[in-house]
Amino acid sequence: MGQLDGKVAVVTGGGGSGIGHGICRVLARQGAHVVIFEIDVEAAQEVCRQIEDEGGSATVVLADISRSDNVRQAVEMVVEEKHSLDILVNNAGIGLIRPVAEANEDEFDRLAAIDLRGVWLCCKYAIPHMRRQKQGSIINIASVHSRATLPQFGIYAAMKAGVAGLTRGIAVQYGPDGIRANTVSPGLVDGKQTREIVARISDDVEAYLEDFVHSEQALPNLIQPEDIGNLVAFLASDGGRMITGAEIPVDAGMWVQLSSRR
């Protein structure tokens, strides 16, 4: 028996091998039926196959979270077919590594459309259904950059800080309706996207990651996607029923470490 048996969970950006992948697999193992909102349908279908091989249940819905009508239709489809929407995990996002004064408007707008506006749109269309049910759990994936950042990450940090602020607002506004909203802020998480970013700045990805976990984190272990999924599953379950409006890092101690160990 899983702690999420019978629940319907929508996860945006659940394809690939990163955080969304880990979240989907953990939620399915805990008994939820996982609906993956993705623009990369092939990648999401592979995650579904993995979930089904483990005895879980999942489906894919083609959805571009930057488009209002697309999100509304996708959410309505889930509610019509599954008669419920219990959990919403806003995980989909893109990055931008660019000095604030050098980024162009198209780059800013694209990042905002997915990393912040897309989160709002999914919440906007899911919340009315959760209000009718008088229950629901929203978990928005931000980043350690929401509170502390690095050169060239300023615009990305602004979006993630916006996600955390939006989440707090939802928690306060809709708590009386039985809806909880929390933010999970990951640190450096292993996955294809992370390794591609590291490859841009280092010829030896493994050596870079090894040095990072020992110098920049309190815990010298590389965070895995399922580490994020474990917290998401707890927050979505009855075990987290009194937690709302929180921003919780899964960062192996990056936030609490005052300086590098180098």
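Mind checking which pairs have a first residue in region 115-128 that is touching a residue at least 40 places away in the same chain (Cβ under 8 Å) and a second that is assigned to a helix (DSSP H, G or I) and among the hydroxyl-bearing types (Ser, Thr, Tyr), Cβ under 6 Å, 6 or more apart or different chains?
From residues that are touching a residue at least 40 places away in the same chain (Cβ under 8 Å), the pairs are Leu121/Ser68.
Has region 199-216 got at least one residue that is closer than 23 Å to Val119 by Cβ and either touching a residue at least 12 places away in the same chain (Cβ under 8 Å) or buried (at least 17 other Cβ atoms within 10 Å of the Cβ) (or both)?
No, every residue in region 199-216 fails to be closer than 23 Å to Val119 by Cβ and either touching a residue at least 12 places away in the same chain (Cβ under 8 Å) or buried (at least 17 other Cβ atoms within 10 Å of the Cβ) (or both).
Looking for something modelled with pLDDT under 95 and surrounded by 13 or more Cβ atoms within 10 Å (Cβ to Cβ) - is there at least one such residue anywhere in region 171-192?
Yes.
How many residues are assigned to a helix (DSSP H, G or I), in contact (Cβ under 8 Å) with a residue 12 or more places away in the chain and out of contact with any Pro (no Cβ under 8 Å at 6 or more places or on another chain) if we restrict to region 129-167?
The number of residues fulfilling the criteria is 17.
Listed residues Asp86, Asp115; which is surrounded by 17 or more Cβ atoms within 10 Å (Cβ to Cβ), over 28 Å from Ala252 (Cα atoms) and of a type outside the set (A, V, I, L, M)? Give the steps one after another, and end with the answer.
Working: Asp115 fails: over 28 Å from Ala252 (Cα atoms).
Answer to the selection: Asp86.
What helices (runs of 4 or more DSSP H) completely inside region 168-262 contain at least 1 residues that are under 19 Å from Asp86 (Cβ atoms)?
225-236
I'm trying to understand the selection: among the residues of region 1-35, which are in a strand (DSSP E or B) and either under 12 Å from the mean Cα position of the chain (by Cα) or basic (Lys, Arg) (or both)?
Val10, Val11, Thr12
Is it the case, given these coordinates, that Ala101 is surrounded by 14 or more Cβ atoms within 10 Å (Cβ to Cβ) and either at pLDDT below 95 or among the aliphatic types (A, V, I, L, M) (or both)?
Considered against the rule, which asks whether it is surrounded by 14 or more Cβ atoms within 10 Å (Cβ to Cβ) and either at pLDDT below 95 or among the aliphatic types (A, V, I, L, M) (or both), Ala101 comes out as no.
For region 75-107, what are the residues that are within 25 Å of Asn182 (Cα to Cα), part of a helix (DSSP H, G or I) and of a type outside the set (A, V, I, L, M)? If you could, list the steps in order and put the result at the bottom.
Start the filter on region 75-107 by keeping residues that are within 25 Å of Asn182 (Cα to Cα), which leaves 75-79, 82-96.
Adding the requirement that they be part of a helix (DSSP H, G or I) leaves 75-79, 82.
Within region 75-107, Glu76, Lys82 qualify.
Take Asp190 and decide whether it is in contact with a Leu (Cβ under 6 Å, 6 or more places away or on another chain) and among the charged types (D, E, K, R).
Answer is yes for this residue.
May I ask you to say which residue of Ser66, Ser17 is in contact with a Pro (Cβ under 8 Å, 6 or more places away or on another chain) and either under 22 Å from Ala142 (Cβ atoms) or without any contact (Cβ under 8 Å) to a residue 24 or more places away in the chain (or both)?
Numbers: Ser66 fails: in contact with a Pro (Cβ under 8 Å, 6 or more places away or on another chain).
When all the criteria are applied, what remains is Ser17.
Inside region 60-76, can you point out the residues that are surrounded by fewer than 16 Cβ atoms within 10 Å (Cβ to Cβ) and under 18 Å from Cys24 (Cβ atoms)?
Within region 60-76, Leu62 is the sole residue that qualifies.
Just wondering, is there one or more residues in region 101-124 that are over 28 Å from Lys192 (Cβ atoms) and of a type in the set (A, V, I, L, M)? Explain how you work it out, then say what you get.
The first filter runs over region 101-124 and keeps only residues over 28 Å from Lys192 (Cβ atoms), leaving 101, 105, 124.
Now narrow it down to the ones that are of a type in the set (A, V, I, L, M): 101.
Looking through region 101-124, at least one residue is over 28 Å from Lys192 (Cβ atoms) and of a type in the set (A, V, I, L, M).
Would you call Phe108 touching a residue at least 12 places away in the same chain (Cβ under 8 Å) and either hydroxyl-bearing (Ser, Thr, Tyr) or surrounded by fewer than 20 Cβ atoms within 10 Å (Cβ to Cβ) (or both)?
Yes; evaluated as a whole, the condition is true for this residue.
The values are calculated or read from the model by the stated rules, or taken from the named source; none is laboratory data. The model shown is predicted, which means the values in this text are computed figures rather than measured ones. A quick note on method: Cβ atoms are made from the backbone with ideal geometry, for glycine too, and the neighbour counts reach across all protein chains shown.
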